[in-house]
Amino acid sequence: MRSAEKVATGCLLCGDGSGGRPVTDGLLRRCDTCQFVWTASDLPPPEQLYDRAYYETDGYQDYFTSAGQRRYESARRLRWLRSRVRPATLLEAGSAGGYFLRAARDAGIDARGVEVSEAAASFAREQLGVPVRTDRFEDHRPGAPVDAVCAFHVLEHVTDPRRFLAAARAALRPDGWLALEVPNIASAAARRLGSAWPAIAPDYHRWHFTPHSLARLLAESGFRVVGQDTVFSRFYWRAPARLRQARNLVVADFAACRSLQVSHPTLGDLLRVFARREDR
């Protein structure tokens, strides 16, 4: 039986100690002071939670056997990263099976990763030939500072986002870049679908960010936000079959925007942020 790490009793963002109020059919709690949202239940430690079953059935269902989709996602993320910064060195926190690292290294970037899941890290090393260390990113000692730290769908999973961001800042050279992507709890689909919104994922996601709350957390952690936008989930869908499987998301997106655009300043399912390390 897995042990669980206790859910926060106070608000991560503003420190309000009231414990928030239940929302989204009791799956989440929302701070009455600053409106930050977190998962109501306790979750196992990350190194227990993200085992092989997470990648094969419980979380992704097909992660290790869907190379085409993973490469497609990674190429899009690399293109987004290089639209703002051209790093020579890069550290990916929560690098999973290593597909983004493989894309980055193929583009000439000295890229390496840290991943808490031994199953995923082993896949990255053995199947894709990329350097990934098995560890909690917060405990990792990176050595030489890097130009960029990337974390795609990681911050919502970690036990302590402030400690995670402190580790990211320590890994960066002065004025280095942080690139994040997380689910957006303020998205059109989240508001329309409520507890049926897939990205709530209360068995795995501890924290639920909005553009405002993430920007505030970054500013308080020694970063300056220099770019922020959102994309709808279909931005990463490779095949029409995925569109059919997620019809409810498309309906929610269209109802809010009256458009099938794939990006929006605030209403997309996925929140993307560029930030730079500030030295005070």
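The values are calculated or read from the model by the stated rules, or taken from the named source; none is laboratory data. Because the structure is a prediction, the values reported are computed rather than measured. Note: ideal-geometry Cβ built from the backbone for every residue, glycine included; neighbour counts use all protein chains shown. Heads up: the accessible areas ignore ligands, DNA and RNA and are worked out on the full protein's heavy atoms, side chains in. Shrake-Rupley method; radii C 1.70, N 1.55, O 1.52, S 1.80 Å.
All Cα-Cα distances of the stretch 62-186, cut into 10 Å bins from zero to the largest, leave 13, 48, 34, 4 percent in each bin in turn.
Rolling a 1.4 Å probe over the protein chains gives Asp51 an accessible area of about 50 Å². For the stretch 131-187, the relative contact order is 46 percent, taking Cα pairs closer than 8 Å that sit 6 or more residues apart in sequence and dividing their mean separation by the residue count.
Would you work out if the chain is rounded, prolate or oblate? Take a ≥ b ≥ c from the square roots of the eigenvalues of the alpha-carbon gyration tensor; rounded if a/c is under 1.5, else prolate when a/b is larger than b/c, oblate otherwise. In terms of gyration-tensor shape, rounded. Each of Thr89, Ala166, Gln127 was scored by the projection of its Cα onto the charge dipole of the chain, and the greatest displacement toward the positive side belongs to Thr89; charges sit on the C-beta of Lys, Arg, Asp and Glu. Once the chain from Arg192 to Arg163 is taken as fully extended at 0.36 nm per residue, the excess over their C-alpha distance is 7.2 nm. Within the stretch 19-122, antiparallel bridges make up roughly 55 percent of the DSSP beta bridges whose residues both belong there. Residues Arg52, Arg79, Arg30 ordered from highest to lowest accessible area at a 1.4 Å probe: Arg79, Arg52, Arg30.
Charges were assigned to the Cβ only: +1 to each Lys and Arg, -1 to each Asp and Glu. The resulting dipole of the stretch 2-152 about its Cα centre is roughly 660 debye. At the residue level, Ser195 shows approximately 50 square angstrom of accessible surface with a 1.4 angstrom probe and all protein chains present.
Just the protein heavy atoms count here, and of the accessible area of the chain at 1.4 Å, carbon and sulfur take up 48 percent.
With contacts taken as Cα pairs under 8 Å and at least 6 residues apart, the chain reaches a relative contact order of 17 percent.
Using the crude model of +1 on Lys and Arg Cβ and -1 on Asp and Glu Cβ, and no other charge, please compute the dipole size for the chain relative to its Cα centre, in debye to 20.
Numbers: 40 positive and 32 negative charges, 194 e Å.
With only Lys, Arg, Asp and Glu charged at Cβ, the dipole is about 940 debye.
How big is the charge dipole of the stretch 1-71 about its Cα centre, in debye rounded to the nearest 20, if each Lys and Arg gets +1 on its Cβ and each Asp and Glu gets -1 on its Cβ?
Values: 8 positive and 10 negative charges, 30 e Å.
Roughly 140 debye for the stretch 1-71.
Can you give the accessible area per residue of the chain, in Å², using a 1.4 Å probe? Walk me through the numbers before you get to the answer.
On the way: 12410 Å² over 280 residues.
Per-residue accessible area for the chain comes out at 44 Å².
Treating r as the C-beta distance of Asp62 and Glu118 and R0 as 25 Å, the FRET efficiency rounds to 0.80.
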